[in-house]
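Accompanying notes for the structure given below.
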C-alpha cells in the first residue's frame, strides 16, 4: 500500500492530484529560493501570519499549505506525500482527495490562528494537511478495517504516533497545526470514507507485441513477489528512517 512500484510517468498518470501538489510546492520553493526579488515577496504574501489574518487576509489560511521554509522541510513533506498520499487518492478519487487535503490543512491553520495568541506568529508547510491524511488512516484502523491491510495499519499507526511525539520534541514546529490537522482528518473520516473501496495496486499496462517478437512484461516482478517479499518490512522501515532523518535536518536548516 505504501511501497511505490510505479515509474515517474506511471506515478504522474495514476496519481495526478498528489503529483500536482508536489510539483506546485517544489516550484514555489524553487521560485522563492532562486528568484529572491520576487520570491521573497511571494513568500511573505502567503505565509500564515496571525496579524495578516486579523486584518482580513484570509488567503493566509490556505497559502501556507504550499509554502516551505527550507529544502529539508520541503523534502520531508514531499517524501511523505509520495509515500502515503497515493493510496488515498486512488481510494477517495481526485475530488474527494483534494477536498480532504485542503479541509484538513485549512482546519489546522484556522485552529493555529485561534490557539496562538501572538499576532506575529507565522508558519508555513503542508504538515497540517499531511497529518490530516494520517488522521484519515487512523480512522480506517479503528472503524474501517476492511480498507487497510494489517501490515499497513501497523506501519501507519507507528508512524502517526512517532510523528505526534516528534511534534513536541523538535523546535520551531507548529504544534497546533500538527495536532488539529490530525484531529480534522480523523473527524472527517465518517464522511469522506463513505462508500470507499480498499486500495488496489495499479498494474502497469503491457504494450501489444507483434506476433513472433519477444515482448517485455512490465509486471514480471509482481508475478515473482517472493524475490523481494522478505525485504518488504526492511524497505518500509528504511523509508521511515529516512523521513525521520529529513525531519531532524529540517529543525537544523
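The values are calculated or read from the model by the stated rules, or taken from the named source; none is laboratory data. Everything numeric in this text was worked out from a predicted model, so none of it was measured. Virtual Cβ from ideal backbone geometry, glycine too; neighbours counted across all protein chains shown.
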Selected residue (only one of 68, 123 is modelled with pLDDT of 95 or more and more than 30 Å from residue 8 (Cβ to Cβ)) | 123
Here are 128, 135, 105: which of them is under 19 Å from residue 2 (Cα atoms) and modelled with pLDDT of 95 or more?
-> 135
For the stretch 17-25, state whether one or more residues are over 16 Å from the mean Cα position of the chain (by Cα) and buried (at least 16 other Cβ atoms within 10 Å of the Cβ).
-> no
Look at the stretch 71-98 and say how many of its residues are crowded, with 16+ Cβ neighbours inside 10 Å and under 25 Å from residue 39 (Cβ atoms).
-> 11
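Residues checked against (1) surrounded by fewer than 24 Cβ atoms within 10 Å (Cβ to Cβ); (2) without any contact (Cβ under 8 Å) to a residue 60 or more places away in the chain:
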site: 100; (1), (2): no, no
site: 108; (1), (2): no, no
site: 111; (1), (2): yes, no
site: 116; (1), (2): yes, no
site: 121; (1), (2): yes, no
site: 126; (1), (2): no, no
site: 129; (1), (2): no, no
site: 133; (1), (2): no, yes
site: 136; (1), (2): no, yes
